[in-house]
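The values are calculated or read from the model by the stated rules, or taken from the named source; none is laboratory data. Remember, predicted model here, so these are calculated numbers, not experimental data. Heads up, the Cβs are rebuilt from the backbone with ideal geometry, glycines too, and the neighbour counts pull from every protein chain shown. SASA here: full protein model, heavy atoms, side chains in, ligands and nucleic acids out. Shrake-Rupley method; radii C 1.70, N 1.55, O 1.52, S 1.80 Å.
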Amino acid sequence: MARPFLLSPSLLSSDYGRLAEELAALEAAGLKWVHWDVMDGAFVPNITLGAPIIGALRGRSKLFFDVHLMVEEPARYVADFARAGADLICVHAEATRHLERTCAAVAELGKQVGVALNPATPVDAVRYLLPQLDMVLVMSVNPGFGGQSFIPFAVDKIRELAALRDGLNPRCLIQVDGGCTPENTAELVAAGADCLVSGSAFFKFPPYRERHETFLRAAGAL
């Protein structure tokens, strides 16, 4: 099943003092998705932003809001992020005791459903959930901070997940987050990735349109 390549720039590496302008610049550069890293200081050591910030900016952007909840017990918050305007809500398999219930709650709110897997979490953690998921996020760094180096074994994990996905739910996207650059994009796409999250490797290389095109060319999508 052919899927278009997507780049989802992570606002974690953007200028937080001018988020509305950053969103407008991404749209003008031809991006379709933007990645919101929500961190609670408990599941991960960092604290970032919450639903009120996303809600305040939802009306300022037509981008697809890809919301990554790096929080303990995400079921407590999915309704808040749905109301704020998330288009897809991704929760960590490691953060909730009742993963299927949490995923079903996201779907009932009318949002696309994603599950994220930390580097050491096996693909089998989502085997039985795959038919009801819109996306699986493979973390290729340990979550919590931007600018980390890519963990090489993530490539084998993407291949394993892609084989499982193709048999159980071909429409499900595979996203990769952590250390994604133009230099490793071709390898990640060949392994089965559909969507890459890029923070510092995107925002630190303006202009955004040219950087987007660099990723697209590396993915063979331009």
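Listed conditions (1) open to solvent by 10 Å² or more (accessible area, probe 1.4 Å); (2) touching a residue at least 60 places away in the same chain (Cβ under 8 Å); (3) closer than 22 Å to A28 by Cα; (4) assigned to a helix (DSSP H, G or I) are all met by A221, apart from (4). Taking each residue of the stretch 150-172 that is closer than 13 Å to M135 by Cβ and modelled with pLDDT of 95 or more and looking for partners that are open to solvent by 60 Å² or more (accessible area, probe 1.4 Å) and assigned to a helix (DSSP H, G or I) with beta-carbon atoms closer than 9 Å, six or more apart or interchain, yields N169/P131; N169/Q132; C172/P131. Tell me yes or no: at least one residue of the stretch 21-28 is of a type in the set (A, V, I, L, M), out of contact with any Leu (no Cβ under 8 Å at 6 or more places or on another chain) and part of a loop (DSSP other than H, G, I, E, B). No, every residue in the stretch 21-28 fails to be of a type in the set (A, V, I, L, M), out of contact with any Leu (no Cβ under 8 Å at 6 or more places or on another chain) and part of a loop (DSSP other than H, G, I, E, B). Pairs meeting the criteria (first residue in the stretch 91-104 and of a type outside the set (V, I, T), second residue assigned to a strand (DSSP E or B) and crowded, with 17+ Cβ neighbours inside 10 Å, beta carbons under 6 Å, at least 6 apart or on different chains) are H92/A116; A93/V115; A93/L117; C103/V113. The number of residues in the stretch 173-203 being out of contact with any Cys (no Cβ under 8 Å at 6 or more places or on another chain) and touching a residue at least 60 places away in the same chain (Cβ under 8 Å) comes to 8.
Yes/no per residue for (1) aliphatic (A, V, I, L, M); (2) surrounded by fewer than 20 Cβ atoms within 10 Å (Cβ to Cβ); (3) within 19 Å of L109 (Cα to Cα):
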| residue | (1), (2), (3) |
| --- | --- |
| H35 | no, no, no |
| F65 | no, no, yes |
| R76 | no, yes, yes |
| A79 | yes, yes, yes |
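Scan the strands (runs of 3 or more DSSP E) fully inside the stretch 91-210 and keep the ones with 1 or more residues being out of contact with any Lys or Arg (no Cβ under 9 Å at 6 or more places or on another chain) and open to solvent by 50 Å² or more (accessible area, probe 1.4 Å).
Details: elements: 112-117, 135-139, 173-177, 195-198.
By residue number, 112-117.
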